[in-house]
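As structure tokens, the structure follows; a few thoughts come after it.
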Amino acid sequence: MDKDDRLIKKLVLEKQYSVFVGENRKKYVIHNFQAFCADSEEALQAALQSDLIMVCVGNQNLGDLKTFLNKVSGMKRPEECRIIVCENGISPKTILKNALKDTAAEKMLITQGIIFCTSIPVVKGELDIVAEDYQELPVDYDDELFTLQLPHFPLIKNFNTLMKRKLYTYNCLSGCIAYLGYLKGYTDYGLAARDSEILAFCEDIRTKLDDVMCRETHVACEEQRAFSDKALKKFTNCLIVDTIEKNARAASRKISADERLMGPMQLFFKYGIDTKPLCKVVAAALYYMEKEESLEYKGRTYGDSLCVLQAANPSLEADNPIIPVVREYLDKIRPGVAVGELDFRGNEPA
């Protein structure tokens, strides 16, 4: 089910789509499904008959599910409603639970999963998908949901630690590639990831991320190093086709507190690590926002992207040392001047 009527109509009309997986693009045809508009009676009835509801709508949209889930819980015992929330963010199940407070739906059994697999449409606007060959979706170990054991859904203890490591490692490096790639004129994400200057930048950031994540989460250094190594290998894999736009969009959310850029920034600051490299990426994200999106955060429009940064990070005072550094880099980026060791005036190679 989805609120995108066009997508639902296409799924209903075509009755199937294909997923091309891995290096060999092995084809899987998906059929025997039903597709409903989210506000339809059919969607409600389908949810009532379901053993499990999986949610992937973006952290910022989880609150929009309140009305629908409240209807479901009013017609079905809430403890029979099992939900797995799969989002890029720390503890999305908490966000959904908070949205459902003081409603009948608050007794629903809600846990969370984390998606490492990259998948995008073969052609924008069409149904067929190309996907990385990644065969697991880790799920938070939850005593209430433990009886629901599914193949390829490993149950993980200390799940919030894994989510934090994923967001502050995978997603942070992805943000670096996307926003710096945008400044260099790339539209193809994989080409940006393999750009020698951007790759060198990410290797440096990766070392810093490994350092602070080991200190913060007490994960073994070897384990964290292997984790970040896997991330860079994924992003530089030429067989995974992705776009700058997909990874850079919703910049105002991605520069908010506890997200992929400012979360690691706070840890760099906490442990005395040089924050300037991440300040460059934040400045690039603000520039992307200025050029491609609106200067808006939580429904309010601002006159300057730095004001959006501060609104999204209320703990950042105006005299915080991060702010003037980001401002300096942003002032250099706007006219196309080189930022530090990276020249952002390039164009995507032919």
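The values are calculated or read from the model by the stated rules, or taken from the named source; none is laboratory data. Just so it is clear, the model here is predicted, and its values are computed rather than measured. Counting neighbours? That spans all protein chains shown, and the Cβs are built from the backbone with ideal geometry, glycine included. For the accessible areas, the whole protein counts, side chains as well, though only heavy atoms, and no ligand, DNA or RNA atoms are used. Shrake-Rupley method; radii C 1.70, N 1.55, O 1.52, S 1.80 Å.
Here are some notes:
- One residue from G175, G185, G190 being open to solvent by less than 10 Å² (accessible area, probe 1.4 Å), of a type outside the set (A, V, I, L, M), over 13 Å from L267 (Cα atoms) and at pLDDT below 95: G190
Table: residues versus (1) of a type in the set (A, V, I, L, M); (2) closer than 30 Å to L162 by Cα.
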site	(1), (2)
R6	no, no
N32	no, no
L44	yes, no
I53	yes, yes
Q60	no, yes
K71	no, no
G74	no, no
C81	no, yes
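- Members of region 193-216 that are without any contact (Cβ under 8 Å) to a residue 40 or more places away in the chain and buried (at least 24 other Cβ atoms within 10 Å of the Cβ): C202
- Taking region 168-278 as the region of interest, the helices (runs of 4 or more DSSP H) fully inside it that hold 2 or more residues being closer than 21 Å to Y134 by Cβ are 172-183, 189-193, 196-217, 221-235, 244-248.
- Here region 57-79 is the region considered, the condition is being under 18 Å from the mean Cα position of the chain (by Cα) and polar (S, T, N, Q), and the residue that is surrounded by the most Cβ atoms within 10 Å (Cβ to Cβ) is N59.
The rows are residues; the columns are (1) among the aliphatic types (A, V, I, L, M); (2) touching an Asp or Glu at 6+ places or on another chain (Cβ under 9 Å).
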{"site": "K166", "(1), (2)": "no, no"}
{"site": "L180", "(1), (2)": "yes, yes"}
{"site": "L199", "(1), (2)": "yes, no"}
{"site": "D204", "(1), (2)": "no, no"}
{"site": "E222", "(1), (2)": "no, no"}
{"site": "A226", "(1), (2)": "yes, no"}
{"site": "L232", "(1), (2)": "yes, yes"}
{"site": "F235", "(1), (2)": "no, yes"}
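This table checks each residue for (1) at pLDDT 95 or above; (2) among the small types (G, A, S); (3) in contact with a Phe, Trp or Tyr (Cβ under 9 Å, 6 or more places away or on another chain); (4) open to solvent by 40 Å² or more (accessible area, probe 1.4 Å).
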| site | (1), (2), (3), (4) |
| --- | --- |
| R253 | no, no, yes, yes |
| K270 | no, no, no, yes |
| A285 | yes, yes, yes, no |
| K298 | no, no, no, yes |
| A311 | no, yes, yes, no |
| S315 | no, yes, no, yes |
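- Complete set of residues in region 291-338 that are assigned to a helix (DSSP H, G or I), under 19 Å from F269 (Cα atoms) and charged (D, E, K, R): R327, E328
- Of the residues screened, T161 is one that is in contact with a helix residue (DSSP H, G or I) (Cβ under 6 Å, 6 or more places away or on another chain), more than 19 Å from D242 (Cα to Cα), modelled with pLDDT of 90 or more and surrounded by fewer than 21 Cβ atoms within 10 Å (Cβ to Cβ).
- Lone qualifier among L127, L100, L150 - being in contact with a Lys or Arg (Cβ under 8 Å, 6 or more places away or on another chain) and under 22 Å from Q49 (Cβ atoms): L100
- Some residue of region 129-144 being in contact with a strand residue (DSSP E or B) (Cβ under 7 Å, 6 or more places away or on another chain), outside any loop (DSSP other than H, G, I, E, B) and at pLDDT 95 or above: no
- Residue count for region 40-56, restricted to those that are more than 25 Å from the chain's Cα centre (by Cα) and either within 30 Å of K234 (Cα to Cα) or not in a helix (DSSP H, G or I) (or both): 4
- Where a residue in region 270-294 is of a type in the set (S, T, N, Q) and its partner, wherever it lies, is surrounded by 18 or more Cβ atoms within 10 Å (Cβ to Cβ), with Cβ under 8 Å and at least six apart: T275/M265; T275/F268; T275/I322
- Annotation: F153 fulfils all but one of (1) within 18 Å of A251 (Cα to Cα); (2) outside any helix (DSSP H, G or I); the unmet one is (1).
- Some residue of region 27-36 being part of a strand (DSSP E or B), farther than 22 Å from P138 by Cα and in contact with an Asp or Glu (Cβ under 6 Å, 6 or more places away or on another chain): no
To keep it simple, each residue is scored yes or no on (1) touching a Gly at 6+ places or on another chain (Cβ under 7 Å); (2) outside any helix (DSSP H, G or I).
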site: L62; (1), (2): no, no
site: I84; (1), (2): yes, yes
site: T94; (1), (2): no, no
site: D102; (1), (2): no, yes
site: T111; (1), (2): no, yes
site: I120; (1), (2): no, yes
